[in-house]
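Single-structure report; data block below.
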Amino acid sequence: MAPKILWVALPLLLYAAWLVVARWRGRAPARMALNVHTSVLLLCYLLSTAGLGIFWVANQQLPVFDWHYLFGYATLLLVFIHLTFNLPLVLNWLRRRAPARPVEAAAGGAPALGVPLAIVAGLVLAFFLGMRQGAGGSSSPWDGKATPNDGATAATAGGAGAAAVLRYHELSSESRGSVFMRAPGIAWGDAPPAFKQYPQARHVILPTARPAAPANTQPLAASLRGPAAGPRGRPRLDELAQILYLTAGVTAHRGGRALRAAPSSGALFPSELYVAARAVDGLAPGLYHYDPERHRLALLDPSPAMLGAPEADDADALLVLSAIFRRTGYKYHNRAYRYATADAGHLLENLRLASHQAGMLATLLPRFDEALAARALAIDGVEEGVLAMMALRRPARAGDSMVSTAQAKAAPPAQVYAPAPAPRDTALGATGVIQQATSLRLETETALPPTAVRLPAAAASAADTHKVITQRRSVRRYSAGPVPLASLSAILAGMAQPPQLSDAIRVELVVNRVEGLEPGVYRYLPGHALLPLATGDFAARARRAALEQDVIGDAAVVLILSADTARLLARGARGYRHAFLEAGLVGERWLLGAVAQGLAACPVGAFYDDDAARLVGARGHWVLHFAALGRP
């Protein structure tokens, strides 16, 4: 960031140096000359700001705003100087007294300083208040005291962790009336490196990931249901390489960024993947880190300590997903945990689908001990915290789907996991607290309402899983054409998988342009039907709820995922993390389903929580996720 600031400020610094030299030599420019000089600089900065904005918007590189907003700040400074020079003219015009000559100060032709100094003082005060926002609140906002809201009863039952969840969600929610209600701020600093490296480790170069041979491909619809038929032996290194690439590999480069197989808020990619290999042909047992930049594994420990997940002891491989929270937090601050967990859900759905295509069972573990896992990975659990684990196994026989034979023998003993100790403030503030609060320690179809709209039977897409994942990109512009109802039906049918971590997720749609479907707000029901909640044009309300983002306002359909707070917290704070992960899983199926249907989609994590809840009538629910859909 510092070099960018220097380059942006360079013209101003050079001009200021010239003024100093001119003043020292007794040749200070007159007021009119200063006015002209700053006007020329202002014009240059205005053109640079506008040009950068137009360029990046046209290229859909919306996260790459550093140059744009830095030039914008410099432009504001020049506007301020320009207005300072011309303020007397403006005031005289407003008083209907046209000046006979430019208004000058008595000494040296300098402008009057009273009003500019007052404006500067006001701006400094605003900056100070912004930096201190929330710092004057409770010194311990995570003390377990539930705040009055829809989840208060659940918080009482769930203990301090659930109360911390409610408090975090309240403090990280956006609304027009909550500008000054924030958790105590922290210094996020600059963005950490985009890729984590282990230069001293022994590395295993992975085979290049390629589309499967036609005889071995599996359509996306089949991958959603379960593993492909394949060999019965141990998984191979080339299969693991393919799985890792389709999960988190670099699939494109754009605007100086390495884009991955799974989307990420702001293209910041906080997720890291680790592999505990136990029975993989071609790979020695051990704990490895996956480097997506070079598509290789770094050996961390040939005999790793306990990872805190005894249910996966029989797995051929255990994949551990963590998040480096500062990658997201430096930009999104206290909302970082929401974005990081949703990003993780997108990635985990890719992992599940890629594993199924390779003929392996992929099982998310709802419970594990974060502290033990962090110790095995040699991470601190705060700056980088473990979010999820997925076990990979070969099916015991053809046709096995979501449950392995080892899991079917006996359910894990009750009370194996308990909530982690009461959360305490960390170096990451609210983000570290919510990670603690959601951590553990090792311990029939309903009849449809009469108003429901049954969707047409979903035709299975023949789109190949590998092709769909690697071609998925977030698209923010859509044509005015409607989405075929059959395509929407197919996408929703693909999304309707059994819950893996949380059964609290509810699916609502804002329908703007779908063939054969009246515009309005709908809820997706089990039984593949839509329940109308309200009819009419809700595009403008959806746009306002999503911070006036055109990608939502222009979409043919807007997906809104919410979570039932009582159900979410019924088993304690861990349900909060599970809800966001599950929302990411569902959201990724929406994105991949759009590609399979030849449509375009884009996830959106920024929205006004209260407006979004009112839009879908989500009383007793928290809105977690937006995503757009339309014709590209």
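Computed over region 453-630, the convex hull of the alpha-carbon atoms projects to a mean area of 9.5 nm². Could you run the Karplus curve 6.51 cos²θ - 1.76 cosθ + 1.60 with θ = phi - 60° over region 517-532 and give me ³J(HN,Hα) per residue in whole Hz, x for Gly and Pro? Values per residue, Gly and Pro as x: 10, 5, x, x, 10, 10, 10, 7, 10, x, x, 6, 8, 10, 9, x Hz.
For the pair residue 125 and residue 306, what calculated FRET efficiency results from E = 1/(1 + (r/R0)^6), where r is the Cβ-Cβ distance and R0 = 51 Å, to the nearest 0.05? Efficiency for this residue pair is about 0.45. Amide hydrogen proximity for residue 604: with H placed 1.01 Å from N in the peptide plane, the residues at 5 or more positions away or on another chain lying under 5 Å are 626, 627, 628. Going from the residue with the fewest nearby Cβ atoms within 10 Å to the one with the most, 339, 73 rank 73, 339. Of the trypsin sites (Lys or Arg not before Pro) in region 268-329, not one is in a loop by DSSP (not H, G, I, E or B) with at most 12 other beta carbons within 10 Å.
Can you list the HN-Hα couplings for region 235-252, worked out from phi with the Karplus curve (6.51, -1.76, 1.60; θ = phi - 60°), rounded to whole Hz and with x for Gly and Pro? In residue order, the calculated couplings are x, 9, 4, 5, 5, 5, 4, 5, 4, 5, 5, 6, 8, 9, x, 7, 10, 6 Hz. Between residue 548 and residue 39, the simple spin-label model (points 7 angstrom out along Cα→Cβ) gives 3.0 nm.
Test of understanding: ordering 513, 210 by Cβ neighbours within 10 Å, fewest first, what list do you get? Intermediate values should be presented prior to the final figure.
Values: 513 20, 210 11.
By the 10 Å Cβ count, ascending: 210, 513.
Highest-first packing order for the peptide set 494-506, 569-581 is 569-581, 494-506, based on the mean count of other beta carbon atoms within 10 Å. You can think of it this way: the chain between residue 15 and residue 195 has 60.9 nm of extra reach, that is 0.36 nm per residue less the Cα-Cα gap. The modelled label-to-label distance for the pair residue 462/residue 253, using points 7 Å beyond Cα in the direction of Cβ, is 3.6 nm.
Taking θ as phi - 60° and the Karplus parameters 6.51, -1.76 and 1.60, the scalar couplings of region 301-317 work out to 7, x, 9, x, 5, 4, 8, x, 9, x, 5, 9, 4, 8, 6, 5, 8 Hz in sequence order, x denoting glycine and proline. Put in order of Cβ neighbour count within 10 Å, fewest first, the listed residues 301, 291 become 301, 291.
Since every read-out is calculated from the coordinates, none of them should be taken as a lab result. In this text, all values refer to a predicted model and were calculated from it rather than measured experimentally. So basically every Cβ, Gly included, is an ideal-geometry build from the backbone, and we count neighbours across all protein chains shown.
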